[in-house]
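What follows is a set of notes on a single structure, which appears directly below.
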Amino acid sequence: MMLSCHIGTISILTDKEYIDVNISTSQTGNLLSERYYATDGKVMLYDLRSLVEQAMRPSGLAVMQLYFEAYVDIPDDHSDDYDRGGFKCIYCDRDIDIYDFEPLLRSHFLTAAASRRVAPESFVFLPFFAYFGELVNYEIFADFLSGGEPGHCSFKGPLQQTSATSNEVWTHTIFCAEVKRHAEDMVGGEIELTAFTVRVGDRAASFFIDKSLAGTRPFYFRNCFNVSDSLFVPAVTTAKTKVDRSLAVLGSVSQFYDATCEQTYEVQSAGLTADECSLAEQMFCSDDVRTPYESAPDDGDFDALRPVLITDSTSEIADDPEKPNTVKFTWRYAENRIAQRNPLGVGIFTEPYDYTFR
């Protein structure tokens, strides 16, 4: 088993004029089937990692089994001219100089951030690689305020004694509202959730509740491991609408035609932590970025979220303590039609008016 970024050049030694090479997977079928002519008794296969990642990325695969076949003319496994091999590959499109990565997978979630800020009523995805037989249930340690006094409690998730049946990726979806409800049940009263930490085995990730993020738009994306991740950005957003159309003139009458409308959103963040900047950079490079529908803000199914496109981005990360880290990016909905905000507002008669952009 290896990370896709560690797939190097494959050298095949042969005394034949040419060999036929077939590379396939158990999930996507054939990746490559070609005849290669030998040079100095060997055939070199370069940049296979790009081929593998291109096969995994659109399907949302984080783990894939690869098979290699080399033969002459006919793939006969009883022939002396036939050879076969394979390995399991974990998607990673970043260059990581850790080759003994099992300790990394056993002690870290598949995300770049060990801690981050989240909105009070939001949800987060926590993916991780579980080895065969490993227990996959999570435990949450919650911090809160109750009657103005700080408190702490812990509880376990619903997958008691559940273990991985193979080497595979699991993803827990954690809802802040559920964490708060569990803590209130244990305390026996109303609380204000301030932070919580999720642990699975030796893995841990901390989330700090930032009330200023309430009502802001979260972004969910496939990160460098091709698994779902999340980012909450304290920012100012400016919506820009552009209309392009042509003008036809017939005598004394003019008429517009071929009108197209485009709406984009420019986001300028406030100061971010280094972990949050790392998440933002991965989001900018991601092929799959999404945001919740207004009618279903707590839908925790990544595939059910609304696709968006990051059309431009700038990330400024400095080691100067006087200069905060910030990002700036422009996004739009993948749907070409301009989105109309849901007129069925939530809390319109029960919450104070808020003039900030939504």
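The values are calculated or read from the model by the stated rules, or taken from the named source; none is laboratory data. Keep in mind the model is a prediction, meaning the values are calculated, not measured. So basically every Cβ, Gly included, is an ideal-geometry build from the backbone, and we count neighbours across all protein chains shown. Ligands, DNA and RNA are stripped out before the accessible areas are found, and what is left, the full protein with its side chains, is counted by its heavy atoms. Shrake-Rupley method; radii C 1.70, N 1.55, O 1.52, S 1.80 Å.
With respect to Q268, determine if the residue is within 30 Å of I317 (Cα to Cα) and either in contact with a helix residue (DSSP H, G or I) (Cβ under 7 Å, 6 or more places away or on another chain) or assigned to a strand (DSSP E or B) (or both). So Q268 passes the test. Taking into account only those residues within segment 221-230 that are touching an Asp or Glu at 6+ places or on another chain (Cβ under 7 Å) and not charged (D, E, K, R), which is surrounded by the fewest Cβ atoms within 10 Å (Cβ to Cβ)? That would be C224. Residues in segment 259-316 that are within 25 Å of P58 (Cα to Cα) and small (G, A, S): 7 in all. Filtered by the rule that a residue be under 13 Å from G29 (Cβ atoms) and surrounded by 13 or more Cβ atoms within 10 Å (Cβ to Cβ), segment 57-67 gives L61, M64, Q65, L66, Y67. Polar (S, T, N, Q) and either in contact with a Cys (Cβ under 7 Å, 6 or more places away or on another chain) or assigned to a loop (DSSP other than H, G, I, E, B) (or both): is that true of Q255 in this structure? Spelling it out, it is not the case that Q255 is polar (S, T, N, Q) and either in contact with a Cys (Cβ under 7 Å, 6 or more places away or on another chain) or assigned to a loop (DSSP other than H, G, I, E, B) (or both). Candidates are the residues of segment 277-306 that are assigned to a helix (DSSP H, G or I) and over 13 Å from the mean Cα position of the chain (by Cα); the one that is surrounded by the fewest Cβ atoms within 10 Å (Cβ to Cβ) is A304. Residue count for segment 197-224 satisfying the condition of being under 19 Å from W170 (Cβ atoms) and of a type in the set (F, W, Y): 3. Of the residues making up segment 65-100, those that are among the hydroxyl-bearing types (S, T, Y) and either more than 18 Å from V169 (Cβ to Cβ) or assigned to a strand (DSSP E or B) (or both) are Y67, Y71, S79, Y82, Y99. The set of residues from segment 112-140 being part of a loop (DSSP other than H, G, I, E, B) and small (G, A, S) comprises A112, A113, A114, A119, S122, G133.
Every condition in (1) in contact with a Ser or Thr (Cβ under 9 Å, 6 or more places away or on another chain); (2) over 24 Å from L110 (Cα atoms); (3) open to solvent by less than 70 Å² (accessible area, probe 1.4 Å); (4) of a type outside the set (A, V, I, L, M, F, W, C) holds for G29 except the one numbered (1).
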